[in-house]
1. Principal axis extents for the range A:86-155, Cα atoms only, whole Å, descending order, please.
2. Could you tell me what fraction of 2.2 N^0.38 Å the Cα radius of gyration of the range A:133-214 comes to, as a two-decimal ratio?
3. Measure of size requested: the Rg and Dmax of the range A:270-365, with Cα atoms as the atom set and Å as the unit; please supply both.
4. May I ask for the angle, rounded to the nearest 10°, between helix A:102-114 and the longest principal axis of chain A, with both axes built from Cα atoms and the value confined to 0 to 90°?
5. Where in chain A is the longest stretch that carries no chymotrypsin sites (Phe, Trp or Tyr not before Pro) classed as loop by DSSP and with at most 16 other Cβ atoms within 10 Å?
6. Please report A:ARG200, A:ARG327 as a ranked list, fewest other C-beta atoms within 10 angstrom at the top and most at the bottom.
7. Between A:GLN216 and A:VAL119, 0.36 nm times their residue separation minus their Cα-Cα distance comes to what?
8. Ratio of the range A:3-147's C-alpha Rg to 2.2 N^0.38 Å, to two decimals?
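Taken together, the values in this text are just the output of simple stated rules run on the coordinates, not laboratory data. All values derive from a computational prediction rather than experimental measurement. With ideal geometry, Cβ positions are generated from the backbone for all residues, glycine too; neighbour counts draw on all protein chains shown.
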Amino acid sequence: MSIVTRFAPSPTGFLHIGGARTALFNWLYARHHGGTYRLRIEDTDRQRSTKEAIDAIVEGLKWLGLDWDGEIVFQFARAQRHAEVARELLAAGKAYYCYCSAEELDQMREAARAAGKPVRYDGRWRDRDPKDAPAGVKPVIRLKAPTTGETIVHDKVQGEVKVANDQLDDMILLRSDGTPTYMHAVVVDDHDMGITQVIRGDDHLTNTFRQLQIYQAAGWEAPSFAHIPLIHGADGAKLSKRHGALGVEAYREMGYLPEALRNYLLRLGWGHGDDEIISTEQAIQWFDLDAVGRAPSRFDFAKLDNLNGHYIRETDDARLAREVAERLGRAGDATLLARLQAGMPGLKARAKTLKELAENAKFYAAARPLTLDDKARGQMTPEARGVLTALRAALAGAANWVAADLEALARGFAEAKAVKLGQVAQPLRAALTGATTSPPIFEVMQVLGRDETLGRIDDCLTA
RNA sequence: GACCCCAUCGUCUAGUGGCCUAGGACAUCAGCCUCUCACGUUGAGAACACGGGUUCAAAUCCCGUUGGGGUCGCCA
């Protein structure tokens with residue numbers, strides 16, 4: 001049987017990091033098994049679902065490179081089908097009308113809580129004659145769930161998990177307005193879409209018991225389940241906006257590469273021996289549910305940064321130059337693009353994010369005269385200016401404007417002056433980059449070219 | 001509160017009864033490299049939550065405790 005997985009987010013907000021990982025695992029599992037991976041938008045909550053959220057989710061998935069098969073399924077569009085199944089269950093005696101009001105239900109919950117008893121519907125309409133129905137009240141349809149025995153989930157990650165049926169109440173399938181509840185819609189859709197493997201967050205584990213009861217009532221074969229542990233914030237608490245429950249577009253803005261985020265997310269809750277750097281191709285080859293851990297993990301930006309730095313160094317210079325030019329607001333500037341690309345080898349070893357990369361590349365994009373930062377200005381002592389003046393004269397006669405020759409020239413110059421190379425290089429760095437740290441300065445000179453280099457030195461000397 | 005899940009260095013993890021004086025990675029600290037900062041590289045410190053069992057042998061199996069998390073909606 002061919003594998004079918006799905007990612008089913010509700011469009012009530014952006015695609016957060018936990019959702020992204022769930023999508024990744026579903027995608028990897030399907031690709032690994034040569035199956036199908038589908039996307040379903042769970043928009044049955046009309047109040048909270050928004051077009052913006054749908055767009056953010058779709059864009060986020062595309063950016064992450066998690067392409068889905070077939071058309072997107074919108075759950076709300078299937079409301080008729082959900083109602084139909086609920087009515088079939090009703091006709092088969094597997095469900096019943098319940099006329100309880102919201103107030104009545106609230107009282108029931110209050111009383112149970114006060115008495116220290118489990119909070120659940122007491123089934124008062126379960127066996128009551130429909131003739132008792134109060135006039136003018138639109139009923140909900142509830143599942144007539146088993147009251148004895150137990151319901152067992154054979155979870156691919158959590159193992160065998162069971163609960164006594166008397167712990168579960170008769171859940172609502174169809175609301176009084178005729179729309180389906182989440183529990184019901186999920187089951188009907190997963191069945192109709194032929195989903196064979198459900199992979200979702202741990203928070204759905206206890207919901208699974210109830211969903212299993214619907215499968216049983218409908219006489220359908222349930223899919224296999226795998227509940228993956230949640231991702232927590234750096235402090236171990238539930239992920240909140242403050243720690244990293246950001247939309248994936250926020251990670252994009254912060255300068256993370258999709259391949260780095262994929263690698264990081266993969267290693268959160270899944271392992272393959274001592275492997276850390278795992279390409280997507282390898283991930284597809286290796287990924288399976290048996291290696292998914294059962295403990296929740298914490299989101300760690302330091303590790304993501306390290307991974308991202310690795311992927312940046314692996315990325316080709318042209319792509320990086322384009323990213324930087326775009327971040328600098330100069331996407332179409334061919335001259336800048338060429339210069340950035342030439343300077344990229346020295347730049348990319350020094351950045352953990354594209355944002356940092358762009359920040360470090362600013363001096364290549366800056367127009368003369370440069371503004372030196374405080375530390376750089378501090379290095380422009382009278383002695384340093386003297387060294388620079390003499391060096392400038394020596395530089396003017398350089399035959400080949402290439403890094404190696406320029407370095408040799410500078411070394412010879414320093415030796416002749418009986419100063420350390422650093423005493424030459426640092427003032428040069430300040431003049432050329434406006435900072436005290438930068439890529440190797442002779443590489444910078446080559447990238448900048450003779451005229452720009454000499455010009456920047458002159459700017460400093462005459463200032 | 002009831003029910004369910006989880007528990008190895010600060011963090012992510014390897015480990016499926018002997019190969020564990022517990023391995024790797026990130027982070028931290030120290031050294032090397034060096035024109036700065038990085039990259040790279042070498043090394044150091046750092047963990048089986050606790051208490052009982054089972055067994056010749058337990059990080060690995062069982063029970064309990066503690067601690068974390070999740071669910072209990074006419075939300076998803």
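1. Here the Cα extents, ordered largest to smallest, are 40, 33, 18 Å.
2. Against the empirical 2.2 N^0.38 Å value, I get 1.23 for the range A:133-214.
3. 17.1, 52
4. In chain A, helix A:102-114 runs at an angle near 80 degrees to the longest axis.
5. By the stated rule (loop sites, at most 16 other Cβ atoms within 10 Å), A:1-219.
6. Lowest to highest Cβ neighbour count: A:ARG327, A:ARG200.
7. 32.5 nm
8. Relative to the 2.2 N^0.38 Å estimate, the range A:3-147 comes out at 1.39.
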